[in-house]
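A.B. asks: Here it is, the structure, as structure tokens.
The values are calculated or read from the model by the stated rules, or taken from the named source; none is laboratory data. Note that this is a predicted model, so its numbers are computed, not measured. Cβ coordinates were reconstructed from backbone atoms using ideal geometry, including for glycine residues, and neighbour counts include every protein chain displayed.
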Amino acid sequence: MCVLSVIFPCYNESSNIVGIISSIKSALQGRNDVEIILVDNGSTDSTPQVLEQALQGEHNKQFKTLRIEKNIGYGHGIMTGAKNASGEVIAWTHADLQTDPTDVLEAYKKYIAHPIFPNCIMKGRRVGRNFFDMIFTAGMSLLSTSLLRVPLSDVNAQPKIFHKNFLKQLPNPPLDFSLDLYLLYQARVNKYQILEHHVNFGKRLYGESKGGGTLKGKLRLIQRTWKYMIKLKRELGR
């Protein structure tokens, strides 16, 4: 029986896929209660071929792949994975290897140890970051908290873990990187407790950052997040 479904949205992550699979396999060590869903989110590199080659054979039954032909956005890829998940608990984390893929398994242990875990959301909290990134994250957290009137912090930290029933609280999820913000916002307004698990955050070794990894990316992220928060606030009348 699958208890935990972990979703990795993979957009042009061909160089990282083998590392993800290898790390997860070592951590699972024969466990059969975890499902790994690798979503090829409209990749234009060799991601489809790498996934196919890496997951050949009967010993990879815990791994599921989904192919989205056109990249619509990070949020769309994750929610596609969630809709195809069979686990009682849903998790997602990035495929860039800036955090250890197995962090999600450690965070899951803490999550289910909580006495009311179905009414909780587990999220990562990044440590080991440079000063500039810490200031940027603090500023974004303050902006989000002030505008949406709910306490939010380190919104884009991974992993995210929640009971499958919480999907009912996500009726109109955004298609882009705002999904993490939407998830935590809905958790706050629906009185879910937010738990945190510290994760070490390193540099991306391969590929390009899809979010705010560069100054230009951070400026784009601020603009996108601001527009989404205004839209969300108007829709919900807050």
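A.B. asks: Taking Leu167 as the residue in question, decide whether it is part of a helix (DSSP H, G or I), closer than 17 Å to Tyr228 by Cα and in contact (Cβ under 8 Å) with a residue 24 or more places away in the chain.
C.D. replies: On the way: part of a helix (DSSP H, G or I): yes; closer than 17 Å to Tyr228 by Cα: no; in contact (Cβ under 8 Å) with a residue 24 or more places away in the chain: yes.
It is false that Leu167 is part of a helix (DSSP H, G or I), closer than 17 Å to Tyr228 by Cα and in contact (Cβ under 8 Å) with a residue 24 or more places away in the chain.
A.B. asks: Which of the residues spanning region 1-45 are over 16 Å from Gln158 (Cβ atoms) and in a strand (DSSP E or B)? It would help to see each step written out before you state the result.
C.D. replies: Looking only at region 1-45, we keep the residues that are over 16 Å from Gln158 (Cβ atoms), and these are 1-3, 12, 14-15, 17-18, 21-22, 25-26, 28-35, 40, 42-45.
Across region 1-45, the qualifying residues are Val34, Glu35, Asp40.
A.B. asks: Residues of region 11-51 being among the aliphatic types (A, V, I, L, M) and surrounded by fewer than 16 Cβ atoms within 10 Å (Cβ to Cβ), which ones?
C.D. replies: Val18, Leu28
A.B. asks: Of everything in region 77-99, what is more than 12 Å from Ile161 (Cβ to Cβ) and among the hydroxyl-bearing types (Ser, Thr, Tyr)? Give them in sequence order.
C.D. replies: Thr80, Ser86, Thr99
A.B. asks: Glu106 - would you say it is within 23 Å of Ala157 (Cβ to Cβ) and crowded, with 23+ Cβ neighbours inside 10 Å?
C.D. replies: Details: within 23 Å of Ala157 (Cβ to Cβ): yes; crowded, with 23+ Cβ neighbours inside 10 Å: no.
When the stated conditions are applied, Glu106 does not pass them.
A.B. asks: Also, quick follow-up: Which of the residues spanning region 113-159 are in a loop (DSSP other than H, G, I, E, B), farther than 22 Å from Asp176 by Cβ, within 20 Å of the chain's Cα centre (by Cα) and not charged (D, E, K, R)?
C.D. replies: Filtering region 113-159 for residues in a loop (DSSP other than H, G, I, E, B) gives 114-116, 128-130, 149-159.
Checking the rest, the ones that are also farther than 22 Å from Asp176 by Cβ come to 114-116, 128-130, 149, 151.
Restricting the remaining residues to those that are within 20 Å of the chain's Cα centre (by Cα) gives 128-129, 151.
Passing the criteria: Gly128, Pro151.
A.B. asks: Filter region 78-103 for residues that are assigned to a loop (DSSP other than H, G, I, E, B), among the β-branched types (Val, Ile, Thr) and touching a strand residue (DSSP E or B) at 6+ places or on another chain (Cβ under 7 Å); which is surrounded by the fewest Cβ atoms within 10 Å (Cβ to Cβ)?
C.D. replies: Thr99
A.B. asks: Among (1) of a type outside the set (A, V, I, L, M, F, W, C); (2) touching a Gly at 6+ places or on another chain (Cβ under 6 Å); (3) part of a helix (DSSP H, G or I), there is one condition Gly75 misses while meeting the rest; what is its number?
C.D. replies: Of (1) of a type outside the set (A, V, I, L, M, F, W, C); (2) touching a Gly at 6+ places or on another chain (Cβ under 6 Å); (3) part of a helix (DSSP H, G or I), only one is false for Gly75: (2).
A.B. asks: Next question. So which of Lys218, Lys203, Lys191, Lys210 is surrounded by 15 or more Cβ atoms within 10 Å (Cβ to Cβ), over 15 Å from the mean Cα position of the chain (by Cα) and either modelled with pLDDT of 75 or more or outside any helix (DSSP H, G or I) (or both)? Step through it out loud before you land on a result.
C.D. replies: On the way: Lys203 fails: surrounded by 15 or more Cβ atoms within 10 Å (Cβ to Cβ); Lys191 fails: surrounded by 15 or more Cβ atoms within 10 Å (Cβ to Cβ); Lys210 fails: over 15 Å from the mean Cα position of the chain (by Cα).
Going through Lys218, Lys203, Lys191, Lys210 in turn, the sole match is Lys218.
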